[in-house]
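Below you'll find the structure, written out as structure tokens, and then a few comments.
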Amino acid sequence: MNGLRKGKILVVGSTNTDMVVRTEHLPRPGETVLGGTFLMNPGGKGANQAVAAARLGADVIFVCKTGNDMFGITTRQQLAQEGIDTRFVFIDDHNPSGVALISVDSRAENTIVVASGANANLLPLDVAKAETALDDCDIVLMQLETPMTTIEYVAAEAAKRGKRTVLNPAPGAALSPQLLKSLYLITPNETEAEIITGIRIHNAETEAEAARSIRAMGVQNVIITLGSRGAYICNDRFDEAVPAQKVRAVDTTAAGDVFNGALVVALSEGKSLEEAVRFASRASAISVTRMGAQSSIPYRSEVDRFVP
């Protein structure tokens, strides 16, 4: 940690078991493709981001819901092994744990189908039981694989307490004005930014236009992630793109989750937004050189010594 203050991160979100198949190309509708390697890994955007934040040096509390099944038991064990506080990992006796079916092609592109299961039943009443965690944290991090009513509830409660809320709006969805105004930072990719703004991003000018449009909706800070091209930062003192680290990618499955987990760690340690983006870019660059979701997430020592 190099003497840096250890941040406290509250992650509210999803947990899935990822079932991944590597294949030469992604199947077209109606096509059967004989794939290669099969992997079964812990995943889910919420869990991925929680694990990333923990491995990169933060104290992490994770609020989620699993089924009362084999996948749920394994998930709770794995989270605890990462050093994550699992007091608020709730068990759903009526719905199965979430699963994701992932195909990855030879160019490291992927397609993902998610069966949400218990993730879709993480309700405001559940999160209310984690009130002490909300009081104690530095930053709240969320995604959109749990009900929007829960996202809006957490953001509103965090705002009342003066907490910084970071929303990774994935998968893409329309967001209410009230939610946007309660956010410290939002981190859409190009597709998600288009859903929010109606602006299709295809060059530097439209990147800037979309970012400024989201800021005008009331979000203090906007980062549009651009994959291998980096990230566009827009706030009251910075309005430009930061290039990505150049690496040879083999699987981009959890790159965005690693970026977001690393971002909040850096912010919780007092880094500026630009510094935090550069730190997050290094972490996500390492992750895309490895297969899998949580199995690809680097540790702090790896990011600190990373040279592309």
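None of the figures in this text is laboratory data; all of them are computed from the coordinates on show. Just so you know, these numbers come straight off a predicted model, no measurement behind them. Note: ideal-geometry Cβ built from the backbone for every residue, glycine included; neighbour counts use all protein chains shown.
Residues whose amide H comes within less than 5 Å of that of Arg290, counting only those at least five positions distant or on another chain, are Val250, Asp251 (H built at 1.01 Å from N in the peptide plane). Applied to region 7-17, the Karplus parametrisation 6.51 cos²θ - 1.76 cosθ + 1.60 on θ = phi - 60° returns per-residue 3J(HN,Hα) values of x, 10, 10, 9, 9, 10, x, 9, 9, 10, 9 Hz, with x for Gly and Pro. Globularity index of region 180-308 is 1.02 (Cα radius of gyration / 2.2 N^0.38 Å, N = number of residues).
Mean residue ellipticity at 222 nm, helices only, the chain: -10000 deg cm²/dmol; runs of at least 4 DSSP H residues each add -39,500 (n - 2.57), and the sum is divided by the number of residues. When the Cα atoms of region 13-53 are aligned to their principal axes, the ranges along those axes come out at 37, 20, 13 Å in descending order.
In percent, rounded to a whole number, the relative contact order of region 48-101 is 43, using alpha-carbon pairs under 8 Å and six or more apart. Between the residues Pro188, Ala216, Ile199, the greatest Cα displacement towards the positive end of the dipole of region 172-218, with unit charges on the Cβ of Lys, Arg, Asp and Glu, is found for Ala216. The residues neighbouring Ala155, those whose beta-carbon lies less than 12 Å from its own, together hold a net charge of +3 under the Lys/Arg +1, Asp/Glu -1 convention. Here the 3J(HN,Hα) profile of region 153-161, calculated from phi with Karplus coefficients 6.51, -1.76 and 1.60 at θ = phi - 60°, is 4, 4, 4, 5, 5, 5, 4, 4, 8 Hz, Gly and Pro shown as x. Excluding the site residues themselves, the longest part of the chain lacking any trypsin sites (Lys or Arg not before Pro) in a DSSP loop with at most 14 other Cβ atoms within 10 Å is 7-86.
In whole percents, the pair-distance distribution calculated for the chain from its alpha-carbon pairs, binned every 10 Å from zero, is 6, 29, 37, 23, 4, 0. Taken over region 76-208, the convex hull of the Cα atoms encloses 154 Å³ per residue.
Among DSSP bridges having both ends in the chain, what percentage is antiparallel? Round to the nearest 5. If I count the DSSP bridges inside the chain, around 40 percent turn out antiparallel.
For region 152-210, the Cβ-based charge dipole about the Cα centre amounts to some 480 debye (Lys, Arg positive; Asp, Glu negative; other atoms uncharged). Within 11 Å, Cβ to Cβ, of Cys64, how many net charges do the neighbouring residues add up to if Lys/Arg are +1 and Asp/Glu are -1? It works out to a net charge of 0.
Sorted ascending by nearby beta carbons within 10 Å, beginning with the fewest, Thr32, Thr191, Thr206 become Thr32, Thr191, Thr206. For region 8-295, the dipole from Cβ point charges (+1 on Lys and Arg, -1 on Asp and Glu) about the Cα centre works out to 380 debye, to the nearest 20.
About the centre of its Cα atoms, region 209-291 shows a dipole size close to 260 debye [charges on the beta carbon of Lys, Arg (+1) and Asp, Glu (-1) only; nearest 20 debye]. Distant-in-sequence amide contacts of Asp92, defined by a placed amide H-H separation under 5 Å and a gap of 5 or more residues or a different chain, comprise Thr66, Gly67, Asn68.
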